[in-house]
Amino acid sequence: MVLENLKPKIIWDIFEIISNTPRPSRHEERIREVIKDFILEAGKSNKIDYQIYQDGVGNILIKKPATSGQEAIPPIMLQAHFDMVCETDKPEGFDFFNKGIPLRIQKNNEWVDADGTTLGADDGIGVAFAIAILVDTSIESHGPIEVLLTVNEEDGFDGATQLDPKALDIKSKLMVNLDAGPLGEITIGSVGGRRVRFSKKFTWKEYQESDDLEFNELFIHGLLSGHSGEDIHLPRANANKLVSRILSKINQEMKIYICKWQGGTKSNVIPAKSLIKFGIKVKDREKFEELLNEEISSIFQYYEKFEPNLKIENKKVSPGNYLSKEDSTVLLSTIHIIPHGVLKKSHIYEGFTESSNNLAIVNTENDKEVIWLYPRSIIRSELNSFCVSMKQLGEFGRWRVFLRPVLPEWLPDLESKFLEYVKKQYDTLLEKPVKTNVIHGGLETGMISTRISGLQMVALGPTVEALHSPSERLKISDVGKIYELLKRIVSNIKELKSN
């Protein structure tokens, strides 16, 4: 056990169990069974009659009955998601499907992170908080408690979208989402989003020695990456956009013949690396190197302070099948034209990013190229307008553009009595007023509220930095404070009833 000496022990022990269980998006079956077994075993030990329900998509709801005399108190629900974003910077890769996360405590003893992979505190720590509240026998008085754990939050919100409140027997109208933070802030709203997929069939020409081509492989890597929503406003580079920038400039001067392009891994992660193989005419070698070096120099000069580990490598490689000049230009131009980053700042919420787009994935799949985008906005009409513009762009290049379902925004309810109650508990705990905020990341709250009418919600959690990247880390000192807050929320909920 790596975290056995951290306090509160109940949280860190559960978090380590979760971390040792593989749980990529769409593959939550193992963690679901581990949690079920843990709860049933705790029920036997604590003599508590937990009830566990599961719906058709794989979400589970666990009910803990009220303590004696508190049965009439309105039930409260804690909600988190099973899955995690699986990213690694290990050169040899990492088998997230069969290995637990390599946890470690940083040398300063202030943070927990993982050795070369995402930590999975998003949302493993949320799951740990919720399960701890269920099994902690030191919470002497509380009303009915429900814990909702959802599947596939990170790759499409399937759990929230297909949530079946009837099958899960959900009774709560008050919900604390445990997928937010940092300490000292209550999230009361989040943006909506919609994944966009471009696909196009191409014809690759078989290389012949008479083609008079030589081939190169351009590899951009070492970028900081990060969450495609919460980090989108930061001055971070997108590896796919850097590739398109370099080759678009060169393509103005000479013919480029693309063989393959693979960049980015997930739609909700800013691409940290991108690799493209392409051909040029042998006679253009000298001019090619001149333009390449010129553009690389400009990129390093611009990103010197923002991307300290940026690496751009180009090498000659063996020949391969390639696209025509025209098809190569269509692919390259499409990537270069699609915007990445902040699209618009909010006129309503000061300093808030209203709309953004992540140019997430470029991938050669058999005989076609696929591009994935992830636009977000707090304003539904702005999100819709951007998606229309992407369909129009696709039509120019004869791409097929597919729009996945909208993941709804969560608009703040400043009149919520539940928000007022939670804020009072938080203020008292920290002995100072806490902030409320709206985040540019997507939370399941918006979708869940469409499935459960009349739901009042807040979201909170400890400080987690660099989500969705191998630099992800969880602040140790925050964990005990958030757990104490949750215990106060469930113990004092009768105060809300009297309002």
Summed side-chain charge close to G446 - residues other than G446 whose Cβ falls under 11 Å, Lys, Arg +1, Asp, Glu -1: 0
What number comes out for the charge environment of N108, summing +1 per Lys or Arg and -1 per Asp or Glu over other residues with Cβ under 13 Å away? +2
Spin-label point model (7 Å from Cα, Cβ direction): what's the T450 to K7 distance in nm? 4.5
Once label points are set 7 Å from the Cα along Cα→Cβ at both K325 and K47, what is their separation, rounded to one decimal in nm? 8.5
Among T265, A42, A132, flag the residue with its Cα farthest along the positive direction of the charge dipole of the chain, charges on Cβ as +1 for Lys/Arg and -1 for Asp/Glu. T265
Of all beta bridges DSSP finds with both residues in the chain, what is the antiparallel percent, to the nearest 5? 80
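Can you tell me how much longer the chain between E495 and S318 gets when fully stretched, taken as 0.36 nm per residue apart minus their C-alpha distance, in nm with one decimal? Numbers along the way, then the final one.
Working: separation 177, 0.36 × 177 = 63.72 nm, distance 7.18 nm.
Fully extending the segment from E495 to S318 adds 56.5 nm.
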Would you mind pulling out the separation of the Cα centroids of the range 40-106 and the range 334-396, in Å? 33
Determine the gain in length on full extension of the stretch E484-K36; use 0.36 nm per residue of separation and subtract their C-alpha separation, reporting nm with one decimal. 158.9 nm
Under 11 Å, Cβ to Cβ, from F219 - net charge with Lys/Arg +1 and Asp/Glu -1: +2
Stokes-Einstein at 10 °C, 1.306 mPa s, Kirkwood radius from Cα pairs: D for the chain in µm² s⁻¹? 66
Rank the residues T21, T450, T117 as a footprinting-exposure proxy: fewest other Cβ atoms within 10 Å of their Cβ go first. T450, T21, T117
Sort T353, T88 so that the residue with the fewest other Cβ atoms within 10 Å of its own Cβ comes first and the one with the most comes last. T88, T353
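Among 39-51, 371-383, what's the highest-first ranking by average C-beta atoms within 10 angstrom per residue? Numbers along the way, then the final one.
Details: 39-51: 13.4, 371-383: 21.8.
In decreasing order of mean packing, 39-51, 371-383 become 371-383, 39-51.
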Could you work out the relative contact order of the chain, using alpha carbon pairs under 8 angstrom and six or more residues apart, expressed as a whole percent? 23
What per residue convex hull volume, in Å³, do the alpha-carbon atoms of the range 229-338 yield? 113
Rg(Cα)/(2.2 N^0.38 Å) for the range 54-187, N = residue count: 1.21
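Can you put L148, L103 in order, fewest other beta carbons within 10 Å first? Kindly include the intermediate steps, with their values, before the conclusion.
Details: L148 27, L103 21.
In order of increasing Cβ crowding within 10 Å: L103, L148.
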Taking Cα pairs under 8 Å and at least six residues apart, what relative contact order does the range 193-403 come out at, in percent? 35
Between the alpha-carbon centers of the range 221-257 and the range 433-485, tell me the distance in whole angstrom. 30
Restricted to Cα positions, what overall size does the range 150-230 have along the principal axes? Three whole-Å values, descending. 72, 35, 17
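How much mean residue ellipticity at 222 nm does the chain get from its helices, if each DSSP H run of length 4 or more adds -39500 (n - 2.57) and you divide by all residues, to the nearest 500 deg cm²/dmol?
Working: 13 runs with 155 residues, N = 499.
About -9500 deg cm²/dmol.
Using DSSP to define loop residues, name the trypsin sites (Lys or Arg not before Pro) in the range 144-227 whose beta-carbon has at most 15 other beta-carbon atoms within 10 Å. Please list the in-between numbers first.
Values: sites: K166, K171, K173, R194, R195, R197, K200, K201, K205; in loops: K171, K173, R194, R195.
Filter output for the range 144-227: K171.
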Distance in nm between pseudo-label sites at S381 and E110 (7 Å out along the Cβ direction from Cα): 4.5
Considering the convex hull of the alpha carbon atoms of the range 193-403, report its projected area averaged over all viewing directions, in nm², one decimal. 11.6
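Taken together, the values in this text are just the output of simple stated rules run on the coordinates, not laboratory data. As the structure is a prediction and not an experimental result, all values here were calculated from the model. Positions of Cβ are generated from backbone atoms using ideal geometry, with glycine treated the same way; all protein chains shown enter the neighbour counts.
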